[in-house]
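Before any comments, here is the structure.
The values are calculated or read from the model by the stated rules, or taken from the named source; none is laboratory data. Quick caveat: nothing in here was measured; it's all calculated off a predicted structure. Because the Cβ atoms are built from the backbone with ideal geometry, glycine has one as well, and the counts that use them run over all protein chains shown. Note: areas computed on protein heavy atoms with side chains; ligands, DNA, RNA excluded. Shrake-Rupley method; radii C 1.70, N 1.55, O 1.52, S 1.80 Å.
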Amino acid sequence: MASQLYAVCFDAFRPGELARFYAGVLGRRLADDGVTILPDGDPGYLIRFVPTVEPKTAPNQAHFDLTSTSLEDQRQRVDTALALGGARLDIGQGPDAAHVVLGDPDGNEFDVIEPGNNFLAGCGVLGALACDGTQAVGYFWSAALGWPLVWDQDEETAVQSPHGGTKFTWGGPPVREKTGRNRLHFDLTAPAGDREAEVERLLSLGATRRDGGQCEPGWTALADPDGNEFCLR
């Protein structure tokens, strides 16, 4: 059995504010702790916001792609994000881009994708977590989570839970140089039994051990083959 994705975690200056922002944008419920967004389906994963004092100094290695069902729906999703404290970003997309690039209150980038995107059809509002990454790291996460590859072409890869939902994509070369710790990371839970056995399996797939950093006490700190941090409970 493979690890399960427990949560996608954001380092946040104001965790509660960022959690409320994404809950509003995604139309999901907040947990009682005020910093965790509950999944919109079962099974699903949490979106958690954990405190940090480290400044954001570069574009994130990963960002959300939100879907829309019509041009009006896209406009409404953008307007909702702006009303909740988001901002438009210019990352060189040009005035003719069909998607809209926004930043959340901490400056984390995300896109609102135009209607009619076939790749994200049926994925729900949170269509994709789009990541910089190599083909090898897409293969790693497919094996680590037991999720099938749903795209593998021209060194671009994508995986998706067998139950559907959000696609996790890696864009292939050129991969932007990683500078410091990622602001987004995955929390995994090991299958029932020996956590160290799962650690060894992940290491055999290409993971490496790292110091604790973002991981809570009792979690094992690891990195994928591209050096992206993740935690295993």
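Go through the stretch 121-158 residue by residue and tally those that are among the aliphatic types (A, V, I, L, M) and within 16 Å of ALA62 (Cβ to Cβ).
Let us first name the residues in the stretch 121-158 that are among the aliphatic types (A, V, I, L, M), namely 121, 125-126, 128-130, 136-137, 143-145, 149-150, 158.
Filter again for within 16 Å of ALA62 (Cβ to Cβ), leaving 126, 128-130, 137, 144-145, 158.
Looking only at that region, the number is 8.
Please verify whether the stretch 137-148 includes one or more residues that are part of a loop (DSSP other than H, G, I, E, B), over 17 Å from the mean Cα position of the chain (by Cα) and of a type in the set (A, V, I, L, M).
No; the residues of the stretch 137-148 include none that is part of a loop (DSSP other than H, G, I, E, B), over 17 Å from the mean Cα position of the chain (by Cα) and of a type in the set (A, V, I, L, M).
Filter the stretch 156-191 down to residues that are in a strand (DSSP E or B) and among the acidic types (Asp, Glu) and give me whichever is surrounded by the most Cβ atoms within 10 Å (Cβ to Cβ). Break it down stepwise before answering.
Step one: list which residues in the stretch 156-191 are in a strand (DSSP E or B), which gives 156-160, 167-170, 184-189.
With the extra rule that they be among the acidic types (Asp, Glu), the set shrinks to 156, 187.
Numbers: GLU156: 15, ASP187: 23.
Selected residue: ASP187.
Can you pull out the residues in the stretch 35-44 that are closer than 14 Å to GLY124 by Cβ and either acidic (Asp, Glu) or open to solvent by less than 20 Å² (accessible area, probe 1.4 Å) (or both)?
Correct list: ILE37, ASP40, ASP42.
Within the stretch 58-70, count every residue that is open to solvent by 30 Å² or more (accessible area, probe 1.4 Å) and among the hydroxyl-bearing types (Ser, Thr, Tyr).
Counting residues in the stretch 58-70 that are open to solvent by 30 Å² or more (accessible area, probe 1.4 Å) and among the hydroxyl-bearing types (Ser, Thr, Tyr) gives 2.
Any residue in the stretch 79-96 that is assigned to a strand (DSSP E or B) and either open to solvent by 60 Å² or more (accessible area, probe 1.4 Å) or modelled with pLDDT of 95 or more (or both)?
Looking through the stretch 79-96, at least one residue is assigned to a strand (DSSP E or B) and either open to solvent by 60 Å² or more (accessible area, probe 1.4 Å) or modelled with pLDDT of 95 or more (or both).
Among the candidates TRP219, TRP151, single out the residue that is modelled with pLDDT of 95 or more and either of a type outside the set (A, V, I, L, M, F, W, C) or surrounded by 15 or more Cβ atoms within 10 Å (Cβ to Cβ) (or both).
Working: TRP219 fails: modelled with pLDDT of 95 or more.
Only one candidate qualifies: TRP151.
Are there any pairs, at least 6 apart or on different chains, whose C-beta atoms fall under 9 Å, with the first in the stretch 174-190 and free of Cβ contacts under 8 Å to residues at least 24 places away in the same chain and the second surrounded by 16 or more Cβ atoms within 10 Å (Cβ to Cβ) and part of a loop (DSSP other than H, G, I, E, B), and if so, which?
Pairs found: PRO174/ASP132.
Starting from residues that are touching a strand residue (DSSP E or B) at 6+ places or on another chain (Cβ under 7 Å), over 14 Å from ALA2 (Cβ atoms) and modelled with pLDDT of 90 or more, keep the ones in the stretch 192-216 and report whichever is surrounded by the most Cβ atoms within 10 Å (Cβ to Cβ).
ARG210
Residues checked against (1) open to solvent by 50 Å² or more (accessible area, probe 1.4 Å); (2) outside any loop (DSSP other than H, G, I, E, B); (3) in contact with an Asp or Glu (Cβ under 6 Å, 6 or more places away or on another chain); (4) closer than 15 Å to ASN108 by Cα:
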| position | (1), (2), (3), (4) |
| --- | --- |
| ASP11 | no, yes, no, yes |
| GLU17 | yes, yes, no, yes |
| ARG20 | yes, yes, no, yes |
| VAL25 | no, yes, no, yes |
| ARG28 | no, no, yes, no |
| ASP33 | yes, no, no, no |
| PHE49 | no, yes, no, yes |
| LYS56 | yes, no, no, yes |
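For the stretch 21-30, indicate whether the set of residues that are more than 22 Å from ILE113 (Cα to Cα), at pLDDT 95 or above and in contact with a strand residue (DSSP E or B) (Cβ under 9 Å, 6 or more places away or on another chain) is non-empty. Write out each step before concluding.
In the first step, residues of the stretch 21-30 are kept if they are more than 22 Å from ILE113 (Cα to Cα); the result is 29-30.
Within this subset, residues satisfying the condition of being at pLDDT 95 or above are 29-30.
Keeping just the survivors that are in contact with a strand residue (DSSP E or B) (Cβ under 9 Å, 6 or more places away or on another chain) gives 29-30.
So far as the stretch 21-30 goes, yes, one or more of its residues are more than 22 Å from ILE113 (Cα to Cα), at pLDDT 95 or above and in contact with a strand residue (DSSP E or B) (Cβ under 9 Å, 6 or more places away or on another chain).
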